[in-house]
Amino acid sequence: MTKIIDKFLYQVEVTEHLWITMPDGCRLAAKLWLPVDAHQNPVPAILEYIPYRKSDGTANRDQVIHAYFAGHGYAGVRVDMRGTGNSEGIQLDEYLPIEQQDGQDILTWIAFQPWCTGAIGMMGISWGGVSSLQAATYSHPALKAILPVCASDDRYYDDGSYFLGCLSGQTIGWGAVMLGRNGRPPDPAVVGESWREQWLNRLSEPNLYVDTWLRHQRRDAYWLQGTVQGHYDKIQCPVYAVTGWADCWPNTVLRLLENLPKSLPKKGTIGPWGHAYPHHGIPLPAIGFLQEALRWWDRWLKGIENGVDQESCLNAYIQEKVPPDAGHSTRPGRWVTELEWPSPQISRQRFFIGNAQIANRPISGDVVIIKSPLSCGLSSGEYMPWYTSGFSPQLPLDQSDDDARSVIFDGPTLETPLEILGTTWAELCVIPSAPSGLIAVRLCDVWPDGASTLITFGLLNLAQRDGRGSPLPVEPNVRYQVRVKLNDTGYSLVPGHRLRLALSTSYWPMAWPAPDEGSLALEPSESYLDLPVFEGPLRDGARPFLEPEHAAPLETETLREPHHERVINHDIVSGETVLWLVKDGGRQRFLHNQIEAEEATTERYVIDDINPLSARAEYTAHQVIGRGEWETRTESNLTVTCSHESFFLDAKLTAYESDVEIFSRDWNTEIPRDGF
């Protein structure tokens, strides 16, 4: 339970709305939390710059964070990006140069306000974390430190649609959600009579995001624009990066620690959480993240010598055994601290495979054919466990079903603990039978009763075996030595358990299937696992995290309760397997501004086990914004199907004012497959 703090050293005043005018005249909407005497005694500022609507979408989350910072002597500044919330303009895509330039102009505006000392920190989760990293590459003189949470440093590899380098069924759905989200109107009470004209412009101008993404199936200039990876040296301010092992982006923190300039103050924390700020982290334990952030801001924005820069480089949560359960809310484990990364307490150890076994010595074994039913992967859990609309079972299921659809190699029953921390690699020698293919690699913890807990996984599109910029032909009956990177993790296997390596040719719907029906022949004698084995104990004197706390939330009224569904059905007659998801956040009213808001999405993934061209993904999104008699609604849907040569997108966006349709737009697009 997060502790609510309602009394602070500084009394806080809130400005619900103010305009920040960009050089081209576009006005961006902002909310400001200030110590009441900041005009007489200026304070540093903390900026959060995202597209998710300050007046309703993230209003409560913003309040508990920025009121907390203001109560400790900072200005909290929350800005809606151009074309979102109450800001003017149009948002045409993610992370465009104009978005990044606006961020720089916002920093300049803040630095010259009479209530600001000129020192600014920037933070955010997800999009806000990415924008913080991007902003740091510009070396703005006022930006003194950043704190990105659950962020990506590579737009292609693990953002957009190309999760882990494979076209992901689940991330395509983000394009459907954003289609409706971008179509929500500004608030007439803020922007005045122009609200409807601005709304219609938002509905009619932007393209379908996923259409753009699918026209760039290579890691080309489109994805490199705004990608921090490869430009780490441009970041010159201190970085504190945070994520969770259960998040879709668990790899960014260790990449930043390894690649940021050695002289740069940097720090990382990785907990057991999904996509959430760590003071609200699920699975538990949550931590006192806001206290951690304050110590970071105090050091770099106020110059207080509090020792945060002398502490551990990395705080990592080593997850311990837990029975496989998509709905567990707590993850047992322990925190370890490392003074440097890569850590000298980690050794790379090679484990050989063969004859259905894993061992620390070579094993003789025959060639193994891997040919998985296309529904393999349904036990993976959500791409991005995200609990903003209430707790629901989003984590991986027991892996036994997917294990039965894979080729598996088991280690011996452990007599001593085996702990891993960092990046696992699988070196595999494979021979495809078809001119395309993918390989999914899972690492599992097998219990004495046979239950199988997912530790981590990785994917490789064989066409991208030598890089993601230029896919190569896949030639049947040709031997390929490939390297598959698994997601970073920290995990402890205990005595009595076994390590399992599971290999499959499908991982639906996490990865769209390759277009050809085929198999992979695996040569075990030329394949192995490369594990980051952690050999250090819990460091004595490690500073424990404080208990989570935040400021008092806004008063809200629940008008409709959240609702969630996650169902897997298999039709024996048709041979189709369907994964059905409902994520309905309910409806609430914010009492401070009387805005009512609701959002609900559905996802339906359909495939049969033998036809890769049967893959079908269907998404809907429903959003409502209103107040009193004024109510607006957007309904968006997207269906993605494929042939051997192309992807097909069918989408529709419809907008209503008081149940009267005022706008409708359709997309029907064919896009050639390019290495997928």
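Dipole size of the chain about its Cα centre, with +1 on Lys/Arg Cβ and -1 on Asp/Glu Cβ: approximately 1360 debye, rounded to the nearest 20. When N counts the residues of the stretch 65-222, how does its alpha-carbon radius of gyration compare numerically with 2.2 N^0.38 Å, as a ratio? The stretch 65-222 yields a ratio of 1.14.
Here the accessible area of the stretch 471-522 is 47 percent carbon and sulfur, with a 1.4 angstrom probe and all protein chains present.
Taking a ≥ b ≥ c as the square roots of the Cα gyration tensor eigenvalues, with a/c under 1.5 meaning rounded and otherwise prolate when a/b beats b/c, else oblate, which class fits the stretch 424-476? Taking the square roots of the gyration eigenvalues as a ≥ b ≥ c, the stretch 424-476 is prolate. Ignoring ligands, DNA and RNA, what percent of the 1.4 Å accessible area of the stretch 191-302 is carbon and sulfur? So the carbon and sulfur contribution to the accessible surface is 49 percent. Rolling a 1.4 angstrom probe over the protein heavy atoms with all chains in place gives the chain an accessible area of 36 Å² per residue. Between Glu555 and Glu16, the distance separating the two model label sites (each 7 Å from Cα on the Cα→Cβ line) works out to 1.3 nm.
Taken one residue at a time, the phi angles of the stretch 320-335 give Karplus couplings (6.51, -1.76, 1.60, θ = phi - 60°) of 10, 4, 8, x, x, 7, 5, x, 6, 9, 10, 10, x, x, 8, 8 Hz. Gly and Pro are set to x.
Placing a pseudo-label 7 Å from each Cα along the Cα-to-Cβ vector at His644 and Trp580 gives an inter-label distance of 3.4 nm. When you count the other C-beta atoms within 10 angstrom of each residue and take the mean per peptide, 63-72, 208-217, 583-592, 622-631 line up highest first as 63-72, 208-217, 583-592, 622-631.
Classify the chain from the C-alpha gyration tensor, please: rounded if a/c falls under 1.5, else prolate or oblate depending on whether a/b exceeds b/c. Verdict is oblate for the chain.
Taking one quarter of the surface of the convex hull spanned by the alpha-carbon atoms of the stretch 524-676 gives a direction-averaged projected area of 18.6 nm².
Applying 0.36 nm per residue to the separation of Leu339 and Asn41 and subtracting their alpha-carbon distance, the gain on full extension is 103.6 nm.
Label separation (Val190 vs Ser519): 5.9 nm, computed from points 7 Å beyond Cα along the C-beta direction. Taking all protein chains together, Phe391, Phe163 sort by accessible area into Phe391, Phe163, largest first [probe 1.4 Å].
Here is the list for the stretch 521-620: GluC sites (Glu not before Pro) lying in DSSP coil, each with at most 13 other C-beta atoms within 10 angstrom of its C-beta, are Glu535, Glu555.
Do the alpha carbons of any pairs in Lys3/Lys583; Lys3/Lys54; Lys3/Lys144; Lys144/Lys234; Lys7/Lys31; Lys7/Lys302 sit beyond 25 Å of each other, and which pairs? Those over the limit are Lys3/Lys583; Lys3/Lys144. Remark on Phe663: its backbone amide H falls under 5 Å from those of Ala655, a criterion applied only to residues 5 or more positions apart or on other chains, H modelled at 1.01 Å from N. For the stretch 121-190, the residue among Ile146, Gly183, Thr171 whose Cα projects farthest onto the positive side of the dipole built from Cβ charges is Gly183. Loop-located trypsin sites (Lys or Arg not before Pro) in the stretch 1-96 (DSSP state not H, G, I, E or B) with no more than 10 neighbouring Cβ atoms inside 10 Å: Lys7.
For the chain, the membrane-span-like helices by this rule, meaning whole DSSP H stretches whose C-alpha atoms cover at least 15 Å of axis and whose Kyte-Doolittle mean is -0.5 or above, are 59-71, 97-111, 169-181, 289-301; this says nothing about an actual membrane. Peptides 322-333, 133-144, ordered by how many other C-beta atoms sit within 10 Å of their residues on average, highest first, read 133-144, 322-333.
The values are calculated or read from the model by the stated rules, or taken from the named source; none is laboratory data. Everything numeric in this text was worked out from a predicted model, so none of it was measured. Note that we place each Cβ from the backbone using ideal geometry, even for glycine, and neighbour counts take in every protein chain shown. The area values use the complete protein model at the heavy-atom level, side chains included, leaving out ligands, DNA and RNA. Shrake-Rupley method; radii C 1.70, N 1.55, O 1.52, S 1.80 Å.
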